[in-house]
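> Here it is, the structure in full.
All of the numbers you see were taken from the coordinates with simple rules; none came from a lab. Predicted model only: the values in this text are computed from it and were never measured. When we count neighbours, we look across all protein chains shown, and the Cβ atoms used for this are built from the backbone with ideal geometry, even at glycine.
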Amino acid sequence: MFTITARDEKTQARTGILETPHGTVETPAFVAVGTHARVRTLATPDLVAAKTQLIIANTYHLWRTLGDEGLKTYQGLHAAMQWPYSLMTDSGGFQVFSLGIAREQGVGKVAGGAHTELSRMPEKNLVRITEDGVHFFEDDHECYLDAETSIRIQQQLGADIILAFDEPTSPLHDIAYTRCAMERTHRWEARSLAARSSTQLLYGIVQGGPFEELRRESAHAIAGMPFDGFAVGGAFGNSFGSARIHMKKELSWVSPFLPENKPRHLLGIGLVEDLFDGVAAGMDTFDCVVPTREARHGSIWTRAGRLDIKRGRYVNDTSIVDPECGCPVCTLQRTTKAELYALFHEKNEEAGRRASLHNLFFFNNLMEEIRRAVREKKLDELKARYLSRSAASSFS
Ligand SMILES: [Zn+2]
């Protein structure tokens with residue numbers, strides 16, 4: 001159940017309440033990533049203190065770890081994660097891309113401009129895609145995932161929101177291949193709907209790559225199916241130009257087709273400027289691994305931009321990590337930059353915990369500010385304030 005509570009006048013931004021069997025999520029919301037059914041370094045009280053409302057776990061990796069036998073007796077993600085609030089799982093579709101063409105081409109799902117991830121060495125493609133489903137050949141072990149299997153696993157995992165099985169294409173795929181993959185994905189999504197026998201909210205996924213004609217066609221097709229919500233998947237951008245501008249364009253093509261009264265999720269995107277762009281395009285939830293993953297390497301988001309806390313300049317800096325931050329690390333523990341610098345250099349586990357808690361709070365709090373700004377018709381002002389206080393690049 002999704003209720004829109006306020007709308008921005010100048011953009012498509014809206015605030016809403018998403019009700020799930022494990023509580024309500026105020027949107028727009030940031031979704032923490034807990035790939036292996038845990039958000040690394042953070043325990044449940046930390047996640048709550050960071051204002052987390054929703055966590056996404058990874059179907060493919062959990063299935064690989066638990067196996068079909070383990071899933072039969074699995075107590076469910078809420079119990080396993082000791083997380084009594086809302087959860088979502090992806091479908092395993094992203095691994096079709098990340099273990100497949102992404103390795104072969106050495107690309108990420110976002111290409112072009114400052115976002116470019118075209119830096120990896122090509123590696124062996126570990127997937128074989130057929131009309132029915134996908135064979136994975138990881139570590140000399142073969143497994144097979146299709147729409148029905150993905151939905152079955154996601155039902156056994158028991159998250160509140162689950163996703164249809166799909167094949168995200170590469171930003172470097174041509175239009176012919178992207179069309180072929182998109183049409184196959186539409187068939188897999190219809191099968192995902194037919195396979196669902198639970199009351200979990202099932203979201204369809206819009207694909208179509210960087211091609212306007214395909215994005216519109218995919219949005220039209222998926223919006224016509226009786227999903228409970230909709231997600232927009234990669235690839236974003238293409239091999240030239242700015243990925244951020246391209247993502248905005250792609251969302252503007254898709255968004256008019258999506259039913260107003262259903263929640264919308266933007267998959268795998270969630271840095272500061274992207275969040276403002278996504279919210280303005282009418283998206284409601286966003287998952288992004290970067291804030292927590294980079295926290296473990298010492299990258300800290302603050303109101304004044306991003307800083308690399310491991311650099312020598314912080315060794316004697318006794319100011320609070322982010323003096324304007326309301327998180328427990330900055331307020332209760334009053335952690336200074338020098339202290340966090342030392343924890344990282346001592347390789348103390350507490351370094352990753354404090355950095356992750358602070359970063360997750362930063363993004364959840366940003367979303368809270370965005371919700372307030374939409375209600376008060378001040379979204380422009382908030383965006384300008386965030387982006388002017390630092391070089392835009394430090395928030396990219
Ligand atoms: Zn903080």
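> Which length gain, in nm to one decimal place, applies between THR24 and LYS10 when the Cα-Cα distance is subtracted from 0.36 nm times their residue separation?
Difference between extended and current length: 2.4 nm.
> Indicate the gyration tensor shape class of the range 90-257 (rounded, prolate or oblate), computed on the Cα atoms with a ≥ b ≥ c the square roots of the eigenvalues: a/c under 1.5 is rounded; otherwise a/b larger than b/c is prolate and the rest oblate.
oblate
> Based on the mean of other Cβ atoms within 10 Å per residue, sort peptides 294-300, 380-386 so the most packed one is first.
The densest-packed peptide leads the list: 294-300, 380-386.
> Follow-up question, since we're still on this one. Among bridges DSSP assigns within the range 90-257, what percent are antiparallel (round to 5)?
Percentage antiparallel, nearest 5: 55.
> Need one word for the chain: rounded, prolate or oblate. Basis is the Cα gyration tensor (sqrt eigenvalues a ≥ b ≥ c); a/c below 1.5 gives rounded, then a/b vs b/c decides.
rounded
> A further question on this structure: Computed FRET efficiency, Cβ-Cβ of ASP132 and ALA79, R0 30 Å: what is it to the nearest 0.05?
0.35
> Now a separate question. With unit charges on the beta carbons (Lys and Arg positive, Asp and Glu negative) and the dipole taken about the Cα centre of the chain, which residue among VAL25, LEU145, THR199 sits farthest to the positive side?
VAL25
> What number, rounded to the nearest 500 deg cm²/dmol, is the helix-based mean residue ellipticity at 222 nm of the chain, given -39500 (n - 2.57) per DSSP H run of at least four residues and division by all its residues?
-11500 deg cm²/dmol
> Same structure again: Given the pairs LYS124/LYS248; LYS51/LYS248; LYS51/LYS262, which are separated by over 30 angstrom at their Cα positions?
LYS124/LYS248
> Still on this structure: Could the peptides 149-158, 122-131 be put in order, highest first, of the mean number of other beta-carbon atoms found within 10 Å of their residues?
Highest to lowest by the protection proxy: 149-158, 122-131.
> Once you charge only the Cβ atoms, +1 for Lys and Arg and -1 for Asp and Glu, what is the size of the charge dipole of the range 90-257 about its Cα centre, to the nearest 20 debye?
Magnitude of the dipole: close to 500 debye.
> Another question about this same structure. In debye, nearest 20, what is the charge dipole magnitude of the range 39-91 about its Cα centre with +1 on Lys and Arg Cβ and -1 on Asp and Glu Cβ, if you could check?
Here the size comes out at about 100 debye.
> What is the range 14-161 by shape, rounded, prolate or oblate, if you read a ≥ b ≥ c off the alpha carbon gyration tensor as root eigenvalues and call it rounded for a/c under 1.5, prolate for a/b larger than b/c, and oblate otherwise?
oblate
> What's the center-to-center distance, using Cα atoms, between the range 43-77 and the range 120-190 in Å?
Cα centres, the range 43-77 to the range 120-190: 20 Å.
> How many nm is it between the label spots at GLU349 and ALA384, if each spot is 7 Å from the Cα in line with the beta carbon?
With each label point 7 Å from Cα toward Cβ, the separation is 4.7 nm.
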